Amino acid sequence: MAEPRRPIESGVPDPFPFMHPVLKRNYGQWNWHDRPRPGVLRHVADSGDAIWTVKAGTQRQLDVFTVRTLCEIADAFAEGHVRFTTRSNIEFMVSSEQQVAPLVERLEAAGFPVGGTGNSVSMISHTQGWLHCDIPGTDASGVVKSLMDAMHHEFTHEEMPNRVKITTSCCQINCGGQGDIAINIQHTKPPVINHDLVAGVCERPAVVARCPVAAIRPAMVNGKPSLEVDEKKCVCCGACYPPCPPMQINDPVHSKLAIWVGGKHSSTRTKPTFHKLVAAGIPNNPPRWPEATEIVLKILGAYKDGGKPWERVGEWIERIGWPRFFEVTDLPFTKYHVDNWRGSRSSLNASAQLRF
Amino acid sequence: MAKDMPKTPMLDQLESGPWPSFVSGLKRLAEAEDKPYAPMMKDLLGQLERSYETRKGYWKGGTIGVLGYGAGVIPRFSEIAGEFPASAEFHTLRIMPPAGMHYTTDILRQICDVWEKHGSGLIALHGQSGDIMLQGCKSENVQPCFDELNALGFDLGGAGAGVRTSISCIGAARCEHSCFDEAKALRLLVNAFLDEMHRPSLPYKFKFKFSGCANDCANATQRSDFAVLGTWRDDMQVDQDEVKQYVADRGRKWLIDQVLTFCPTNALSLNDDDTLEVDNRSCVRCMHCINVMTKALKPGNERGVTVLIGGKRTLKIGDLMGTVAVPFLPLETEEDYEKLLGIAQRVVEFFVENALEHERTGEMIERIGLVNFLEGIGVELDPNMVNHPRTNSYVRTDGWDEEAAKWRARKAAPRQAAE
């Protein structure tokens, strides 16, 4: 029998063989950039070389036919090179301005929206959902498709105060990350335990250790070793579900969506911030999630109206204050918005500074 | 005879609207009757439609891998394989992209060809950690699929309790803000930890991310255990003629409202002759003014990186941001890059020795305290690591004189890098 093939542990591939020649030639020698129109960037190097980048949205979950269509467009209109952004947008680089308009036209004709630059709403960074995750409370691609359909104009135009980065997460681990607006699963009931399976499937001490509020303890149920949950302590986070699938957290009715705002990764102007809860109890309603979409559009609209140039969503709210935010978005402010653990005092208003 | 297309009335509603539809893509794969994956994709659509009806997921994990590696393949077995047998096994291969996610159409087509032969034809570009995710591979096809991709020059990415696939911003390839060679740093660090990636044996996952400046386009601060952010130590570069041009074109009110007022430390002032005065000692390198006036302002010339440790998502103690562990490390010479690698090695070693099972670096530091962590990795304390000194008096300070003497000795020595 033939010797089995050993892997070549080559690691991260060198990008230079794949990089557009103008980028390669001016690597580390760029001078300035501007945006001639939404979806298009112009970068100029110290050498005087210029490169135009056309950015287009994709569905992220790409079939090989779509990938080949994008390759055909790149070969015919963009010198055979592409790159992808962290938010699954595709970028085509061309070395002359005359190539921009035909490329934009071809992309739009093929159904790929051109945009996502500057002060626009970029593609939603998202997770796997029902398509491929083993613990999802909702879908990812479907929620994103629904929202991006509704925000298409905001992707293809630069009309927001600053860039808007939206994320979704299909469980409370928040793999989608922090966002100016985040649409995340929020479970509202403790896990439902199949005690017949726990002993056979779960490493019980590991599950007990996984609970952030120490609400899980070992127990004998119907004569079998299992686990029980102190439902008064349980915060319904679902952390026990991945290591112990018989502790089912997903529920077709009680797994809701929550919306968070004001997350920011950059250290630009203000330090990075986490997003904050603004709405919960939103039905997880496939295939179009209309209730969540409506709230996202309402928040976006209020930000578009009220934000000053360069203010991100969180910076806008920091200026106008939370009372005004809840007023302009017409969202209820409830006891669930107030953090109530030991470290929460830093989120309380310890001052005589108030807004009316 | 060809298998029938499943009825998917809910998914069908995601084919309308202006945004590209993943459902149309899935259907196209399912309808490619001349391809081996058509039946698999029909059943995949059937199962996904079921999820839309019941609002439940039907995938479970397992153990699937390639010879010599203990990670990189995400096993997925259907819980309702009886009804959807062709997609009973639907594993993902995580493949590391070229740093910066640059591709020629030629290499993308080669990936598609391999994937069409062995898998479902469905590719996510890219996953949240930065992998090319080839989704939908039968168990028996995982090894031959990997072998062909490996021969093309690609390697599997991370999964489980190991070093994960990394990501960088576009950086030096196309951005004037870039303060170091992001692709070089990414490849140097990640490729030094391939053993920890391919044969995971850490307490939990460990992520590197690289952004060329404080704009942090790679989301490193909040999404990585080891965030490398470009910065500079000397004065920012100002082209006063270009500043005057901006004022002439857009007006003083524009400059005041959109640039000066947003400076977080009031380090900018407009002179009466429309030139810009910069208080560089107060500047925190936030990038705002440079972003707005790309022709007039640039990072300084003495460039390097800041390293933040401990960013992560919610599990288990809530989302954490990375915090400063190395305020400034020059990153220009080969020796500088080796120093960065040395820091990474010490952080990973300390993590292996001190973290609890399933504990991320940020949680470990929260449990043991930043000072103990810094001592462990051999990095000197710096006021840049805190927002402000402690506010609570319940602390033993009987080693004060000794610590104060150390500080004075350090300050008397010539300025050095982080090490």
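Rule-based calculations on the coordinates, nothing more; no lab input. This one's a predicted model, so the numbers in the text were calculated from it and none came from an experiment. Glycine also receives a Cβ, built like all others from the backbone with ideal geometry; neighbour counts cover every protein chain displayed.
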Taking other Cβ within 10 Å of each residue's Cβ, how do B:TRP254, A:TRP32, A:TRP130 sort, fewest first? B:TRP254, A:TRP32, A:TRP130
Spin-label pair B:ALA192/B:ASN372, simplified geometry with 7 Å Cα→Cβ offset, distance in nm: 2.6
Among B:PRO327, B:PHE350, B:VAL379, which residue has its Cα positioned farthest towards the positive end of the charge dipole of region B:270-392, with +1 placed on the Cβ of Lys and Arg, -1 on the Cβ of Asp and Glu, and the dipole taken about the Cα centre? B:PHE350
Quick one: putting +1 on the C-beta of Lys and Arg, -1 on the C-beta of Asp and Glu, what dipole do you get for chain B around its Cα centre, in Debye to the nearest 20? 880
Describe numerically, in nm with one decimal, the distance between label points set 7 Å from Cα along Cα→Cβ at B:ASP382 and at A:ARG35. 3.3
Sequence-distant residues sharing a close amide H with A:GLY281 (under 5 Å, placed H): A:LEU257
In chain A, which whole DSSP H runs stretch at least 20 Å along their own axis (Cα) and average -1.0 or higher on the Kyte-Doolittle scale? A:290-306
If you plug each phi of region B:258-275 into the Karplus form 6.51 cos²θ - 1.76 cosθ + 1.60 with θ = phi - 60°, what whole-Hz ³J(HN,Hα) values come out, in order, with x for Gly and Pro? 9, 10, 4, 5, 8, 5, x, 10, 6, 8, 10, 8, 8, 6, 5, 9, 6, 9
Taking the simple approach of a point 7 Å from Cα along Cα-to-Cβ for both B:LEU341 and B:THR63, what is their distance in nm? 3.4
Computed from the beta carbon distance with a Förster radius of 41 Å, FRET efficiency for B:SER282 and A:GLU9 to the nearest 0.05 stands at 0.30
Based on the Cβ-Cβ distance of B:GLU334 and A:VAL221, what FRET efficiency does E = 1/(1 + (r/R0)^6) give at R0 = 60 Å, to the nearest 0.05? 0.45
Taking every C-alpha to C-alpha distance in region B:237-298 and binning by 10 Å from 0, the per-bin percentages run 23, 65, 12
For the protein assembly as shown, fraction of C-alpha pairs farther apart than 51 Å, in %: 11
What area, in nm² and to one decimal, does the C-alpha convex hull of region A:16-109 cast on average over all directions? 6.3
Förster radius 22 Å - calculated FRET efficiency between A:ARG319 and A:GLU291 (Cβ-Cβ, nearest 0.05): 0.15
For chain A, shape from the Cα gyration tensor axes a ≥ b ≥ c, cut at a/c of 1.5 then a/b versus b/c, turns out oblate
Residue-wise, which Karplus ³J(HN,Hα) couplings in Hz belong to region B:109-119, taking 6.51 cos²θ - 1.76 cosθ + 1.60, θ = phi - 60°, and x for glycine or proline? 5, 5, 4, 4, 5, 5, 5, 5, 6, 10, x
Given charges at Cβ of Lys, Arg, Asp, Glu: the protein assembly as shown dipole, positive-most of B:TYR204, B:TRP59, A:CYS202: A:CYS202
If neighbour count is taken as other Cβ atoms inside 10 Å, put A:THR168, A:THR268, A:THR329 in order from fewest to most. A:THR329, A:THR268, A:THR168
With 10 angstrom as the radius, rank B:ARG174, B:ARG109 by how many other C-beta atoms surround their C-beta, starting from the fewest. B:ARG109, B:ARG174
